[in-house]
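The block underneath contains the structure these notes are about, expressed in structure tokens.
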Amino acid sequence: MTKELPKAYDFKATESRIYAMWEAGGYFQPWNDPNKPGFDPSIKPFVISIPPPNVTGELHLGHAMFVSVEDLMIRYHRMKGIPTLWVPGTDHAGIATQLMVERDLLKNEEVTREELGREEFIKRTWEWKRKYGSIITNQIRRLGASCDWTRERFTLDEGLSRAVREAFVRLYEKGLIYRGPRLINWSPGLKTAVSDLEVEYEEEDATLYYFKYKLKDSDEYIPVATIRPETILGDTAVAVHPEDERYKKFIGRTAIVPILGREIPVIADEYVSMEFGTGALKITPGHDPNDYAIAQRHGLPIISMLDAEAKVNENGGKYKGQDRFEARKNLWADMKAAGLVIKEEPYRTTIPRSQRGGEIVEPMISTQWFVKIEPLAKAAIEAVKDGRIRIVPERFEKVYFNWMENIKDWCISRQLWWGHRIPVWYCPEGHMTVAREDPTECSTCGSKDIHQDEDVLDTWFSSGLWPFSTLGWPEETPDYKYFYPTSYMETGYDILFFWVARMIMSGLEYTGQVPFHTVYLHGLVRDEHGQKMSKTKGNVIDPLIVMDEFGTDALRFTLLVGSTPGNDMNLSVKKVEANRNFANKLWNAGRFVISAVGTLGDGQWGMGDQSAKPPAYTLADSWIWARLQGLIRDVERQFQNFQYGQAGQQIYDFLWSDFADWYVEIAKEQLRNAETRLQTAETLARVFDICLRLLHPFTPFVTEELWGHLRSALLDSPLSHLAKDWGEALIVARFPEPREPEGWEEAKIADFELIQEIVRSIRNLRAEKNVAPARKIAATISAGNKLDLLESQKAVIASLAGLDQSQLSILQSLNEKPADSAILVVGAVEIYLPLAGMVDPAEERARLEKELKETEAHIARLEKLLASDFAVKAPPPVVQKERDKLAAYKETAGKIKAQLA
RNA sequence: GGGCGCUUAGCUCAGUUGGUUAGAGCGUCUCUCUUACACAGAGAAGGUCAGGGGUUCGAGUCCCUUAGCGCCCACCA
């Protein structure tokens, strides 16, 4: 006897215990490990690198989503018997972490990072990381992530830092990294350069300022419009279109910069649009990318007029020291006073804002480090084009190509402290020493007076190396040799460019191989109405709270089922609740199966007669088995096609509808019968076992728990042979293998479906007539050629339809119709339910007539169909199916007509 | 300005080689605390699959087109 399991699944008592069991049991580590004895290099592993969450992060639904999907992929492959490795780790997240520590310092110690100094600040940040870095990884554990924590990495740890240096130096030596002054995106709040990707363009209300650009020695002027008047201070030309009749005459003349009085040329450039604005353009090469390009073409000087905090610098005359917006106001007022203003008008335009701080990004000239990206991009495009990398869903390949083909050089230096410091040293002579190991002298002149570049690298530079740096690269470690390249890269489509594209480029460049062969992109999780979750909107769903309330399995199942690759999903707590109910349903189905197995050997049912010939399986036994085989085939196909949601949905439906609603109900009856008891318990156990295996990648906790109970129940029972080879934990049990359908399956399914229809039609009528569910009623069935089938299923029909079996007679045909009966027709089967006092002949007639009408409509439709080209052009099996349907309808119609006659 | 996605039951969504009565969950209505489960069971109502056109024997599914919504990319002051 197994001990009684609680009526409701208690996930709280289960999850942490199960997870600890897995982790302690070493199940998360690949069974074929190149660092251990007995390693076989010929077995191909399945590998995923985790998208490393920010080390300072707190769990959100994005994490829950990727963990759910990746853990499903990993568990599925592990259960297929493949050596499986999921490498976990965290990202140092330069800007995010630095900001967080700075804020903390300011709050708690009222000290800025500058006051603290670089060295001390970094020390503090490491302390912070040590203190809080495990929060996120523990939260990921809570989601059930079966990653190999013995291989956990951090982007700033020693090995990865070595990888970053190696990568930098190699690129530099190849001439693919260069340093120089360029127009970059400057974030004045963060006081650092950011890459193009880190700038977000939002359409906002702005003002378009029109003013006069006076010409030298003349009263004439060129009208010019701008959104940022303060940049007038950095103007080095006024440009017009060469064919513009209005301004042609001014080309080559000199204009006077308002207030400053500087003299600048009027130039002609075809970039200028005659239709837009005033048709004349002020050129500020130091603070605008287009102007910068024009200045390059015309050899114009470039003036920077803002400092690192976006305050006007010495080039701005009397506005020096003013903030850019302050200067805008003041300059404009002065120009107004000077009579240079034409007008202002409201204008909608896109404003560049920092992805991180949110403040307006300023284009500025600055000396930074860049990666020459084109050769890298070319190889990365090729890898997807020739199929070495497949992107799922496929439409993102187009997005990928579009971005890669228009990619610009990547600004990789950041004026931050928290990150990988650029491995370049300068001597007083200005020589650069680029080295893998910290040098002690200048490699050119030997000077000992060298200092390292102050900047750190963009965080994405190190995450771009993640799939191989975590495995030991640049060392040819056993892990690297065996597990690289990895298999799937699973992540959100929102970081396709930031991360995926860069991993592909760097993987190809440094390792000469694609870092993974499949990219699977999931969508974003939104709230139940499709709104982006945000703290300000207050619609954030916290996965931790959801897990507390409904359990991890419920959350995982919700995220996996009902969403489609690459599509955003709307999540509501209601859905999670529904899936908590599913976990509970599974639990209780399990309790039933376990108790059925557990009571086998106790003699209560007079069992133990091993000499008796094992009886044939019942129709229900065969049916559920056949349905299960179909399910296994479907699930396998869907896993191959990345249709995890579909697969989960189908398992859900099978479990709830086929297994629980039908088979379990029938099993209750079969368990009461000594002849069918053993086989029923066996079928219950075998089917349920397979369900648990199929479901385990989706809902690992409840399945593992139940499987353990089922296993021990079986081992204590006459069915112990079933569990003999099960092993100790479901996590490493074999995933069901699909089999070719056997010949008998289809017929058994059809037979059972007839029984289902009969039962359903009786239930339906009972409900219609308000027959109390507990009331057993009599019935007479005219079975025609289904006599044998129905006779064999008599007990099933009786118990499921609430009939009194002793008053249920099944005959081939009736000589006389029972009086006072409701009549149901299912194909060729007629069912008479003597419901004295409840049957109104007129009502009955009306019901039958309605049914006849419906049936005849079907017949007409099918006859028409079969008379059309369909019969000749459609594939024969499809046509045959319709013919069979028609025959069934005709039979029904015939029976009803006879009743009505 | 390009590109992509979405539009299916009151709500949120599935529906991948096109197969003929379109599914689920939640919600609604009626019964039932039946010895796995009321986090449940039985039954029911509810959709011209955004509009239009086309291909096909057959279209929610493929093609074209229109509209609405959303997203990504892009240097028009």
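Taken together, the values in this text are just the output of simple stated rules run on the coordinates, not laboratory data. Given the structure is predicted, the values throughout are model-derived calculations rather than measurements. Backbone-built Cβ (ideal geometry, glycine too); neighbour counts: all protein chains shown.
Averaging 1/r over every pair of different alpha carbons in region A:742-781 and inverting the result gives a Kirkwood radius of 11.9 Å.
Gyration tensor over the Cα atoms of chain A: the corresponding equivalent ellipsoid has semi-axes (square roots of 5 times the eigenvalues, largest first) of 71, 36, 24 Å. If R0 equals 60 Å, the separation of the Cβ atoms of residue A:115 and residue A:406 corresponds to a calculated FRET efficiency of about 0.90. Can you give the FRET efficiency for residue A:846 and residue A:537, using 1/(1 + (r/R0)^6), R0 = 51 Å, r = Cβ-Cβ distance, to the nearest 0.05? Once rounded, the FRET efficiency stands at 0.35.
Given R₀ = 60 Å, FRET efficiency for residue A:36-residue A:884 by Cβ-Cβ distance, to 0.05? Walk me through the intermediate numbers first.
Details: r = 59 Å, r/R0 = 0.98.
The pair residue A:36/residue A:884 has a calculated efficiency of 0.55.
For chain A, a simple Cβ point-charge model (Lys and Arg +1, Asp and Glu -1, everything else neutral) yields a dipole of about 900 debye relative to the Cα centre. Only Cα pairs under 8 Å and 6+ residues apart enter the sum, and on that basis the relative contact order of region A:688-753 stands at 32 percent.
Projected label points at residue A:355 and residue A:394, each 7 Å from Cα along the beta carbon direction, are separated by 2.9 nanometres.
So if each residue of separation counts as 0.36 nm, and I subtract the Cα-Cα distance between residue A:178 and residue A:249, what length gain in nm does that give? It would help to have the intermediate numbers written out before the result.
Working: separation 71, 0.36 × 71 = 25.56 nm, distance 4.25 nm.
So the chain would gain 21.3 nm between residue A:178 and residue A:249.
With a simple spin-label model that places each label point 7 Å from the Cα along the Cα-to-Cβ direction, the separation between residue A:309 and residue A:127 comes to 2.7 nm.
Of all the Cα-Cα pairs you can form in region A:762-897, what percent are over 17 Å apart?
Details: 5876 of 9180 pairs.
Counting every Cα pair in region A:762-897, those more than 17 Å apart make up 64 percent.
For region A:401-503, the equivalent ellipsoid derived from the Cα gyration tensor has semi-axes of 32, 20, 11 Å, listed largest first. In this structure the amide hydrogen of residue A:808, modeled in the peptide plane, comes within under 5 Å of the amide hydrogens of A:779, none closer than 5 places in sequence on its chain. Positive end of the dipole of chain A (Cβ unit charges, origin at the Cα centre): among A:52, A:550, A:411, the Cα lying farthest that way belongs to A:550. Extents of region A:297-424, taken as max minus min of Cα coordinates on every principal axis and listed largest first, are 65, 41, 35 Å.
What is the fewest-to-most order of A:103, A:502 by other Cβ atoms lying within 10 Å of their Cβ?
Details: A:103 10, A:502 24.
In increasing order of surrounding Cβ atoms, one gets A:103, A:502.
The spacing between region A:247-285 and region A:29-45, judged by their C-alpha centroids, is 70 Å.
On a 22 Å Cα-Cα criterion, which of the cross-link pairs A:817/A:881; A:817/A:897; A:191/A:320; A:123/A:174; A:129/A:532; A:123/A:372 come out too long? Mind showing how you got there, number by number?
Numbers: A:817/A:881 33 Å; A:817/A:897 14 Å; A:191/A:320 18 Å; A:123/A:174 34 Å; A:129/A:532 29 Å; A:123/A:372 33 Å.
Flagged as over cut-off: A:817/A:881; A:123/A:174; A:129/A:532; A:123/A:372.
Compared with the dominant Cα axis of chain A, that is its longest principal axis, helix A:876-900 is turned about 50°. When the GluC sites (Glu not before Pro) in region A:172-255 are filtered for DSSP coil states and for at most 16 other beta-carbon atoms within 10 Å of their beta-carbon, the remaining sites are A:220, A:243, A:245. Based on DSSP H segments of at least four residues, each scored -39500 (n - 2.57), chain A has a per-residue ellipticity at 222 nm of -13500 deg cm²/dmol.
By counting other Cβ atoms within 10 Å of each Cβ, how are A:506, A:534, A:447, A:563 ranked from fewest to most?
Least to most surrounded, the residues fall as A:534, A:447, A:563, A:506.
Taking 0.36 nm per residue of sequence separation and removing the Cα-Cα distance, the residue A:293/residue A:745 pair yields an extension gain of 155.5 nm.
For chain A, find the longest principal axis of its Cα atoms and tell me its angle to the long axis of helix A:677-695, 0 to 90°, nearest 10. Roughly 10 degrees between the two axes. Each of residue A:513 and residue A:323 was given a label point 7 Å from its Cα along the Cα-to-Cβ line. The distance between the two points is 5.4 nm.
Full extension of the segment from residue A:857 to residue A:58, taken as 0.36 nm per residue of separation minus the current Cα-Cα distance, would add 281.6 nm. Each of A:732, A:718, A:694 was scored by the projection of its Cα onto the charge dipole of region A:688-755, and the greatest displacement toward the positive side belongs to A:732; charges sit on the C-beta of Lys, Arg, Asp and Glu.
Loop-resident GluC sites (Glu not before Pro) (DSSP state other than H, G, I, E or B) in region A:621-685 with no more than 14 further Cβ atoms inside 10 Å of their Cβ: A:675.
Among the trypsin sites (Lys or Arg not before Pro) in region A:420-488, those located in a DSSP loop and surrounded by at most 11 other Cβ atoms within 10 Å of their own Cβ are A:448. Its relative contact order, with pairs defined as Cα atoms under 8 Å and 6+ residues apart, puts chain A at 12 percent. This ranking places A:522, A:529 by how few other beta-carbon atoms lie within 10 Å of each, fewest first, which gives A:529, A:522. Listed by chain and number, the lysines placed with their C-alpha closer than 28 angstrom to that of residue A:248 are A:212, A:214, A:216, A:282, A:336, A:343; residues fewer than eight positions away on the same chain are left out. Eigen-decomposition of the gyration tensor built on the alpha-carbon atoms of region A:1-122 gives equivalent ellipsoid semi-axes of 39, 24, 13 angstrom, largest listed first.
Calculate how steeply helix A:395-405 sits against the longest principal axis of the alpha-carbon atoms of chain A, using the helix alpha-carbon long axis, and give the answer as 0 to 90 degrees to the nearest 10. Once rounded, one gets 10 degrees. Is the C-alpha gyration tensor of region A:101-185 telling us rounded, prolate or oblate? Criteria: a/c under 1.5 is rounded; beyond that, a/b larger than b/c is prolate, otherwise oblate. Judged from the Cα gyration tensor, region A:101-185 comes out oblate (a/c at least 1.5, b/c at or above a/b).
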